[in-house]
1. Can you pull out the trypsin sites (Lys or Arg not before Pro) in the chain whose DSSP state is coil and whose Cβ has at most 11 other Cβ atoms within 10 Å?
2. Mean Kyte-Doolittle of at least -0.5 and a Cα length of 24 Å or more along the axis: which whole DSSP H helices of the chain meet both?
3. Quick check: residue separation of GLU16 and SER57 times 0.36 nm, minus the Cα distance between them. What number comes out in nm?
4. Could you state the per residue volume, in Å³, of the convex hull enclosing the Cα atoms of the chain?
5. Taking loop as defined by DSSP and a crowding limit of 11 other beta carbons within 10 Å, which chymotrypsin sites (Phe, Trp or Tyr not before Pro) in the chain fit?
6. Need one value: the accessible area of LEU50 in square angstrom, 1.4 angstrom probe, rounded to the nearest 10.
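The values are calculated or read from the model by the stated rules, or taken from the named source; none is laboratory data. What you are looking at is a predicted structure, and each value in this text was computed from that prediction instead of being measured. When we count neighbours, we look across all protein chains shown, and the Cβ atoms used for this are built from the backbone with ideal geometry, even at glycine. Heavy atoms of the whole protein, side chains included, go into the accessibility calculation; ligands, DNA and RNA do not. Shrake-Rupley method; radii C 1.70, N 1.55, O 1.52, S 1.80 Å.
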Amino acid sequence: MTKIASGWLSDIVDREIVFATCMGILVASVGALALVGMAPTRWGAYTYALLLGAGYSVTASLIPAMASDRFSG
């Protein structure tokens, strides 16, 4: 679902902005993992997993689109 939404959003907004936002989500997942390490909770682990999955799936689908924007042909 996030790949579809990010593809649609990157057609409306600049792809680099969507990519940078999702990289911020990936960085937030690292922060969530650090918090889980300090105070382990089930919801902290779920938060980490959701942030990591959402951030990575979007960046993985946008990289080929960004490359095709740069190197058309």
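1. For trypsin sites (Lys or Arg not before Pro) across the chain that sit outside H, G, I, E and B with at most 11 neighbouring Cβ atoms in 10 Å, the list is empty.
2. 15-38, 42-70
3. Stretched fully, the GLU16-SER57 segment lengthens by 13.2 nm.
4. Measuring per residue, one finds 74 Å³ for the Cα hull of the chain.
5. PHE71
6. 130 Å²
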